[in-house]
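The values are calculated or read from the model by the stated rules, or taken from the named source; none is laboratory data. These numbers come from a predicted model, not from an experiment. Methodologically, a virtual Cβ is constructed for each residue, glycine included, from the backbone with ideal geometry; neighbour enumeration extends over all protein chains shown. Protein only, heavy atoms only, side chains kept; ligands, DNA and RNA dropped before computing areas. Shrake-Rupley method; radii C 1.70, N 1.55, O 1.52, S 1.80 Å.
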Amino acid sequence: MHKRILFRVLTFVSTIFITPFIFPQTDSTLIKQIESLTNYNENLEHRLDVLEKNIDDVLWFERVGDVAYIDKVFMTGPPKWKETDTTDPAFGNPVKIWSYVFIPKDIDFNKKYPLLVFPHGGVHSNFSTYYTHIIRELMYQQYIVVAAEYRGSTGYGKGHYEKIDYGGREVEDVDSSRKYMLDNYEFVDPDRVGIVGWSHGGLIALMSIFKYPEYYSVAFAGCPVSDLITRLNYMDKDYNNLYSADYHIGQTTEENPEEYKRRSPAWNVDKLQTPLLIHTNTNDEDVRFIEVKVLLNALKQADKEFQYEIFNELPGGHSFDRQDTKLALTIRMKIYNFIAKYLTPPRSFNSVEEMRGVIYR
């Protein structure tokens, strides 16, 4: 693999710096060669993402397999948001996605257990072993967990990557994972379903309870992406390009602000009916506090009942409560206590010391 890459790089360099002196070439030829190398590099990145995802799937069993039955199931969400080629045999077909399922090994399958829907963060990312200790903590409390690799997730090739519909039908992909669990596992209690997510996963959690309030008993959104217009104003050009790409929205916030509002929690707060907890950190370098503040103010102006906590300059910035420090565990205890009021898991942690003793061995 590395030899092929090196060969192509050397070929490219020689094409630019050596060949022109021997065989003069037109600008169009050079442009085609550059485009070819660019496409090769893009495809290579997706292939490497697939390899990384396959390796990480093995790590899930290594790191969580002692406390959880782990499965990865294939399901469908709605068709792509933007389809133009009506002659394509796949036109209008549901989008196929994978979802992780984590089931505690010590449950009684004759009883009912609460379900947590857990969308991952990132514009283009996936549900990785980054969440290992959180999953172990949830397994101890005897939650069933489902985590959808919704459209746009990495590790499934370029096609899946470019199906992204940020703040749109990916929310329905996540709901498909919820429905799958209720349809296929009798020990999942349909009356005790919650949703948790950080960052972009927080956006999905919020948009899920706004769209499907009858399905969720509680929600937590950590450092949630809250207002895309505010966000894209402080992010760089490359990040903006993820949204205005032809296969995604295809327009900038200036060209189509209403479409960005449709996909932003801050502009949909009137739909809130579900018990909700929001966390944010003032030194968050990714989802900045000014963005989450737009959401908090919108909820207050809409006279909605919800709980929130603003943490001041805590270490870790965007990841402050997803680390494995005692401080982060203390904050996660707050999250678990809030969720437990509505989902009543069979077990709860009585202290951070107990959590560390059980989970971190």
Exactly one condition in (1) outside any loop (DSSP other than H, G, I, E, B); (2) open to solvent by 50 Å² or more (accessible area, probe 1.4 Å); (3) without any contact (Cβ under 8 Å) to a residue 12 or more places away in the chain; (4) not polar (S, T, N, Q) is false for residue 259; which is it? (2)
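Among what's in segment 197-213 and is part of a helix (DSSP H, G or I) and of a type in the set (Gly, Ala, Ser), pick the residue that is surrounded by the fewest Cβ atoms within 10 Å (Cβ to Cβ). It would help to see each step written out before you state the result.
Step one: of segment 197-213, the residues part of a helix (DSSP H, G or I) are 200-211, 213.
Now drop any that are not of a type in the set (Gly, Ala, Ser), which leaves 201-202, 205, 208.
Details: 201: 29, 202: 29, 205: 30, 208: 24.
Among those residues, the one meeting the criterion is 208.
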Looking at 322, 332, which is the one that is in a loop (DSSP other than H, G, I, E, B), touching a residue at least 12 places away in the same chain (Cβ under 8 Å), basic (Lys, Arg) and open to solvent by less than 60 Å² (accessible area, probe 1.4 Å)? 322
Go through segment 335-361 and give me each residue that's assigned to a helix (DSSP H, G or I) and closer than 20 Å to residue 276 by Cα. 335, 336, 337, 338, 339, 340, 341, 342, 343
List every residue pair whose Cβ atoms sit under 6 Å apart, with the two residues 6 or more apart in sequence or on different chains, where the first one lies in segment 122-150 and is of a type in the set (Phe, Trp, Tyr) and the second, anywhere, is open to solvent by 10 Å² or more (accessible area, probe 1.4 Å). 140/358; 143/345
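Does any residue of segment 25-33 turn out to be touching a Phe, Trp or Tyr at 6+ places or on another chain (Cβ under 9 Å) and at pLDDT below 85? Don't jump to the end; show me each part of the working.
Kept after step one, since they are touching a Phe, Trp or Tyr at 6+ places or on another chain (Cβ under 9 Å), are these residues of segment 25-33: 33.
In the following step, the residues that additionally are at pLDDT below 85 were identified as 33.
Scanning segment 25-33 turns up at least one residue that is touching a Phe, Trp or Tyr at 6+ places or on another chain (Cβ under 9 Å) and at pLDDT below 85.
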What are the residue pairs meeting all of these: first residue in segment 214-234, first residue closer than 19 Å to residue 115 by Cα, second residue among the hydroxyl-bearing types (Ser, Thr, Tyr) and open to solvent by 10 Å² or more (accessible area, probe 1.4 Å), Cβ atoms under 6 Å, and 6 or more apart or on different chains? 217/342; 218/342
Filtering segment 287-319 down to residues that are surrounded by fewer than 17 Cβ atoms within 10 Å (Cβ to Cβ) and touching a residue at least 40 places away in the same chain (Cβ under 8 Å) yields 290
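Residues 197, 222, 167: which one is in contact with a His (Cβ under 6 Å, 6 or more places away or on another chain), within 18 Å of residue 292 (Cα to Cα) and not basic (Lys, Arg)?
On the way: 197 fails: in contact with a His (Cβ under 6 Å, 6 or more places away or on another chain); 167 fails: in contact with a His (Cβ under 6 Å, 6 or more places away or on another chain).
None of the other options fit; the residue is 222.
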Considering segment 214-247 alone, what residues qualify as being at pLDDT 95 or above, open to solvent by 10 Å² or more (accessible area, probe 1.4 Å), part of a loop (DSSP other than H, G, I, E, B) and under 23 Å from residue 258 (Cβ atoms)? 235
Looking at the structure I just gave you, is residue 62 in a helix (DSSP H, G or I) and at pLDDT 95 or above? yes
Being modelled with pLDDT of 95 or more and in contact with a Leu (Cβ under 7 Å, 6 or more places away or on another chain), is that true of even one residue in segment 336-358? yes
